[in-house]
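S.K.: Here it is: the structure, laid out below.
The values are calculated or read from the model by the stated rules, or taken from the named source; none is laboratory data. Being a predicted model, the structure only gives us computed values, none of them experimental. With ideal geometry, Cβ positions are generated from the backbone for all residues, glycine too; neighbour counts draw on all protein chains shown. When the accessible area is computed, the model is the full protein with side chains, heavy atoms only, and any ligands, DNA or RNA have been set aside. Shrake-Rupley method; radii C 1.70, N 1.55, O 1.52, S 1.80 Å.
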There are 2 protein chains.
Amino acid sequence: MQSSIVLYSQAEENYLKCIYALEMEHGEEVSTNLIASKIKTKASSVTDMLKKLSAKNLVVYKKYQGVRLTERGRETALRVVRKHRLWECFLVQKLDFKWDEVHEIAEQLEHIESDLLIDKLDAFLRFPKTDPHGDPIPDKHGRMVISKTVRVLDMRIGSSGILTGVKDSSGPFLKYLNKKNLALGDKIKVIDIEPYDQSVHIETRTHRLVISNNVAENLYLRNVK
Amino acid sequence: MQSSIVLYSQAEENYLKCIYALEMEHGEEVSTNLIASKIKTKASSVTDMLKKLSAKNLVVYKKYQGVRLTERGRETALRVVRKHRLWECFLVQKLDFKWDEVHEIAEQLEHIESDLLIDKLDAFLRFPKTDPHGDPIPDKHGRMVISKTVRVLDMRIGSSGILTGVKDSSGPFLKYLNKKNLALGDKIKVIDIEPYDQSVHIETRTHRLVISNNVAENLYLRNVK
DNA sequence: AAGAATATTTAGGTTAGTCTAAAAAATGTT
DNA sequence: AACATTTTTTAGACTAACCTAAATATTCTT
Ligand SMILES: [Mn+2]
Ligand SMILES: [Mn+2]
Ligand SMILES: [Mn+2]
Ligand SMILES: [Mn+2]
């Protein structure tokens, strides 16, 4: 027997996706204010929505205690994440968008409802494992491969790795990386970390540059040697 | 100077598209009830929306007199139609959907807002002139080529033509055509029209069959000889 | 352990888009 | 022209998703 598919509103989907991301990031109960700031809404609106999601068994919510996704909530969130990332792949690979242009459009496309559509899109793209920002794409069962990566800031001086992900995939940050000629797949060597402000001297195959501690926190490297 | 782009809600876009289609079909003021039945809502809801669209200068509306699109309203409707039909092309040509499976998904995709997206999609599809149901696709300026066609019902007995469009592109009707092995591009000859019930005997390259008057009204042929 | 500061919830309101029921206008019929 | 029928509009209500302001709970500081 297959569970009949239930539809959720765009607002509900956005809250679930947001709670999922915050759970991943913090690993514990997610607070009302944290959700409010991420979703750019007011705490009172969040409280309203948490009650609704709780009534639908998508989250476990007790007053003043924060929320957690239920199994059902996580599945739903992952379906939205899968759609978001697949559409981002489509936009970059098939329509020649730049990696800094796709997020807003994917925010809309992720709410299109059709399982057949998303599975056909997945096949059309040849079942990509990561999106244009290096984030893993859940398969139709919600499973994904999370590759082990290290923040540039946590690298040992002299070590190097391949740039495989960014924590912040907002337009401005990605445009900054474009300007500095940094892209996913680049080999990066950490030359030095300034003790005073944690800024990092790095070297790529083509150039050297200094990045701020803030930037160094947002770049993930793989295959450290 | 370029007119700044104004966003409309999905509901507003759906009403505009509906009014556009009814204007095309009837060539005069569109009535409240007609809109209500097409959009599957109540006449009172339509009246509410007409007031709103009128306030935004998208339609000309006078109580009890029906509505007409303004220039601005028609442009907006055509933008939605363009998106709907381009997405239908994408679904059929790139994702291997059948022509009877795409309408519902396109109803969702037509509301995705991004001019760049739709122009890139248009280019990716090599600027198609018609959608999978034979309907013309407006270009980015709202212009489209409307090819002259004749309903099967209006053909002279013995004449023939190429099936280039269907009036009804609902799933059930298209599935009926699939079952009867009729597809766009097929050459069809009208063998006889039964005077009693207007049913039509037709012949294709591969078979002969009888279609009801209802079906004969919904099939358009081009290139009659 | 009390008071201050912060976080969260509640109460009450707004808007978009829908609905039903009733009123009013337009149209059709004798 | 009067009455009946149909169409359209108005009035009033509902829900989802948001808001502000006020109340309450929790957490931090001394
Ligand atoms: Mn994104
Ligand atoms: Mn991404
Ligand atoms: Mn369609
Ligand atoms: Mn179509």
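S.K.: How well do other chains shield peptide B:109-118, expressed as the mean number of their Cβ atoms within 10 Å of each residue Cβ?
M.R.: 4
S.K.: If you don't mind, there's one more thing I want to ask. If you take every DSSP beta bridge fully contained in the protein assembly as shown, what fraction is antiparallel? Give it as a percent rounded to 5.
M.R.: Here the share of antiparallel DSSP bridges comes out near 100 percent.
S.K.: Quick one: grab the alpha carbon gyration tensor of the range B:1-146, order the square roots of its eigenvalues as a ≥ b ≥ c, and give me rounded if a/c is under 1.5, else prolate or oblate depending on whether a/b is larger than b/c.
M.R.: Note, shape of the range B:1-146 comes out prolate.
S.K.: Here's something else I'd like to know. Accessible area per residue, 1.4 Å probe, Å², for the range A:150-223: what's the number?
M.R.: Ligands and nucleic acids excluded, the figure is 54 Å² per residue.
S.K.: Taking amide H positions as placed 1.01 Å from N in the peptide plane, with prolines and chain starts having none, which residues 5 or more places from A:R151, or on another chain, fall under 5 Å of its amide H?
M.R.: Amide H neighbours of A:R151: A:L221.
S.K.: Give the ranking of B:E104, A:E29 by solvent-accessible surface, highest area first, calculated with a 1.4 Å probe.
M.R.: Highest to lowest solvent-accessible surface, that is B:E104, A:E29.
S.K.: Only Lys, Arg, Asp and Glu count, each charged at its Cβ (+1, +1, -1, -1), so figure out the dipole size of the range B:133-225 about its Cα centre, rounded to 20 debye.
M.R.: So the dipole magnitude of the range B:133-225 works out to roughly 380 debye.
S.K.: While we're here: Given a 1.4 Å probe and the protein chains all in place, what does the accessible area of A:R143 round to, in Å² to the nearest 10?
M.R.: That residue has around 150 Å² of solvent-accessible surface.
S.K.: List the residues whose amide H sits under 5 Å from the amide H of A:I191, counting only those 5 or more places along or on another chain, with H placed 1.01 Å from N in the peptide plane.
M.R.: So A:I191 has HN proximity to A:G158, A:H201, A:I202, A:E203.
S.K.: Also, quick follow-up: Only helices at least 27 Å long along their own axis, judged from Cα atoms, and with Kyte-Doolittle mean hydropathy of -0.5 or greater: name those in chain B from DSSP H.
M.R.: Membrane-span-like by this criterion, though nothing is claimed about a membrane: none.
S.K.: For chain A, modelled as a GNM with alpha-carbon contacts under 10 angstrom, which of A:A77, A:A55, A:A21 fluctuates the most?
M.R.: Sorting by GNM fluctuation, first place goes to A:A55.
S.K.: About its Cα centre, how strong a charge dipole does the range B:1-146 have in debye, to the nearest 20, once Lys and Arg get +1 and Asp and Glu get -1 at the Cβ?
M.R.: Roughly 460 debye for the range B:1-146.
S.K.: Please give the total accessible area that chains A and B bury against each other, computed with a 1.4 Å probe and expressed in Å² to the nearest 100.
M.R.: Heavy-atom accessible area buried at this interface is about 1600 Å².
S.K.: When Lys and Arg each count +1 and Asp and Glu each count -1, what net charge do the other residues less than 10 Å away from B:H133, Cβ to Cβ, add up to?
M.R.: -3
S.K.: Before I look further, what does the range B:1-146 give for accessible area per residue, probe 1.4 Å, in whole square angstrom?
M.R.: So the range B:1-146 comes to 54 Å² accessible per residue, rounded to a whole number.
S.K.: Sort the range B:150-223 into rounded, prolate or oblate with this rule: let a ≥ b ≥ c be the square roots of the eigenvalues of the Cα gyration tensor; rounded if a/c is under 1.5, and if a/c is not under 1.5, prolate when a/b is larger than b/c, oblate otherwise.
M.R.: rounded
S.K.: Calculate, for B:N213 and A:D96, the FRET efficiency according to 1/(1 + (r/R0)^6) with r their C-beta to C-beta distance and R0 56 Å; round to the nearest 0.05.
M.R.: Here the calculated transfer efficiency is 0.70.
S.K.: Stretch A:L116-A:N181 to full length: gain in nm at 0.36 nm per residue minus the Cα-Cα span?
M.R.: Roughly 19.6 nm would be gained on extension.
S.K.: Got a number for the accessible area of B:M24? Probe 1.4 Å, square angstrom, nearest 10.
M.R.: About 110 Å², rounded to the nearest 10.
S.K.: Could you tell me what percent of the accessible area of chain A is made up of carbon and sulfur, with a 1.4 Å probe and every protein chain present?
M.R.: Within chain A, the accessible surface is 49 percent carbon and sulfur.
S.K.: Please report, for B:F127, the nm distances (one decimal) from its label point, 7 Å out from Cα along the beta-carbon direction, to the equivalent points in the remaining copies, shortest first.
M.R.: So the label point of B:F127 gives 3.8 nm to the other copies.
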